[in-house]
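The values are calculated or read from the model by the stated rules, or taken from the named source; none is laboratory data. All of these numbers come straight from a predicted model, not from anything done at the bench. Using ideal geometry, Cβ is built from the backbone for each residue, glycine included, and neighbour counts are taken over all protein chains shown. Areas reflect the complete protein model, heavy atoms only, side chains present, ligands, DNA and RNA absent. Shrake-Rupley method; radii C 1.70, N 1.55, O 1.52, S 1.80 Å.
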Amino acid sequence: MTNIKDLAKMAGVSVTTVSRVLNNHPYVSAEKRNAVSEAIRQSNYRQNINAVHLSTGKTFLVGVVVPFIDTPYFALLIKGIANEALKHNYNLVLFQTNYLESRELDALQTLKQKQIDALIICSRISDWTTIETYLPFGPIILCEDTRGKKVSSSFVDHYKSFLFALDYLFQKGYKKIGYCIGRQSGTNSKNRELAYKDFLENNRLPFNPSYIFKDCLHFEDGEKVVEQIRKMPHPPTALLVTSDDVAAGIVTCAQNLGVTIPDNLALIGFNNQPIAKLMSITTIEIPLEEMGRKLFLQGISKNEEIAQYEIPVTLIERNTV
């Protein structure tokens, strides 16, 4: 089997030059690079990737944990991560957990076993004690507010952005405000819940548990929300919807059932997905691709200091408020 010494002899160059060509080192003359490339072609040489990993201490693989890949929120995060990985000659290992802790633990074990260089968790299910157990084995980067903890992150302050959207609706004259959420157990969801309770208390508004709509992840969940609202004797007059996809489902179903938006029901979505623009839905824009890029760069950073970046959001005003 051909090795780099054989290639060096065939190309008439040093072993160091062959190594530089194989690793895309910039400081190699075109003549020598062409000679090595021709030797590789003639000998049908293939690098031993395991040997490369042992010599560099890197796999050039980064793990990405997401609960689902078929929601626009996580799809855009992955797009940002993948685009940045491409620039740096890294590949991604995708772990879809469906919010099963066992699958997230599989991803963490992969980091512990040095099969990946870093692990990005876009939405976690494991508790903090578990995450902290795996920190000695490599970089773990989270997509949530980790201020006060020894974990790097890029995140949106969901407490602040939720409170901002609630205040915006209140200033518009809406008093009976509810919200739609995907799940209740995550850190981001808890911050939204806290913002909602603080908003009601600050404005001396009553808490109505029926104004909180759970398990809203997909377009079709919007129909479920509208059906529930139509059965209420005192329905909400405005909703914050944590997914533009769900908000679009609400708008579509409302139109079919004669519920006028925003006269009967005002809406603010989240993420500013293309469907929000198409259907003229007021939304909170979260630059998810930019967040994904930052998450990846934190994963491969040579700087071992903990870094936590808050990603700013923007209100996009359209016709649903």
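Table for the structure above
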item	result
Pair-distance profile P(r), taking every C-alpha pair of region 147-196, with 5 angstrom steps and integer %	4, 18, 24, 23, 15, 8, 4, 2, 0
Built amide H within the under 5 Å cut-off of Val93, gap 5+	Val62, Gly63, Val64
Neighbourhood charge, 11 Å Cβ-Cβ cut-off, centred on Ser43 and excluding it, Lys, Arg +1 and Asp, Glu -1	+1
Phi to ³J(HN,Hα) by Karplus 6.51 cos²θ - 1.76 cosθ + 1.60 over region 287-298, Hz, x for Gly, Pro	x, 5, 5, 5, 4, x, 4, 5, 4, 5, 4, 5
222 nm mean residue ellipticity, helices alone, for the chain (DSSP H n ≥ 4; -39,500 (n - 2.57); rounded to 500)	-13500 deg cm²/dmol
Average accessible surface area per residue within the chain, 1.4 Å rolling probe, Å²	52 Å²
Amide H contacts of Tyr309 (H built 1.01 Å from N, under 5 Å, at least 5 apart or other chain)	Ser153, Ser154, Phe155
Answer label for mean projected area of the Cα convex hull in nm² (calculated), chosen among (i) 15.5; (ii) 20.3; (iii) 29.2	(ii)
Around Gln184: net Lys/Arg minus Asp/Glu count, Cβ-Cβ under 14 Å	+3
Residues with amide H under 5 Å from that of Leu315, placed H, sequence gap 5 or more	Glu285
Accessible surface of region 30-150 [probe 1.4 Å, protein heavy atoms]: carbon and sulfur percent	52 percent
Environment charge at Thr97 (Cβ cut-off 12 Å; Lys +1, Arg +1, Asp -1, Glu -1)	-1
3J(HN,Hα) from dihedral phi, region 96-108, Karplus parametrisation 6.51/-1.76/1.60, rounded to Hz, x for glycine, proline	9, 9, 6, 6, 9, 4, 4, 6, 5, 5, 4, 5, 5
Simple spin-label estimate for Arg46 and Asp106 in nanometres, 7 Å along Cα-Cβ	2.7 nm
Max mean-square fluctuation residue, GNM over the chain, Cα-Cα springs under 10 Å, options Val62, Val93, Val28	Val28
Listed residue pairs exceeding 19 Å between alpha carbons, taken from Lys58/Lys87; Lys58/Lys79; Lys231/Lys277	Lys58/Lys79; Lys231/Lys277
Centroid-to-centroid separation of region 257-321 and region 129-176 [C-alpha atoms, Å]	13 Å
Antiparallel bridges, percent of DSSP beta bridges restricted to the chain (to nearest 5)	10 percent
17 Å Cα-Cα reach of Lys5 towards lysines, excluding residues that sit fewer than 8 places from it in its own chain	Lys32
For the chain: relative contact order, % (alpha-carbon pairs under 8 angstrom, 6 or more apart)	17 percent
Loop-located GluC sites (Glu not before Pro) in region 228-312 whose Cβ has at most 15 other Cβ within 10 Å (DSSP)	Glu304, Glu305
Angle between the chain longest axis and helix 30-43 axis [Cα atoms, degrees, rounded to 10]	90 degrees
Relative packing of 253-262, 202-211, which averages over residues the other C-beta atoms within 10 Å, highest first	253-262, 202-211
Note, ³J(HN,Hα) from phi for region 191-200, Karplus 6.51, -1.76, 1.60, rounded to Hz, x at Gly and Pro	5, 5, 4, 5, 4, 5, 5, 5, 4, 4
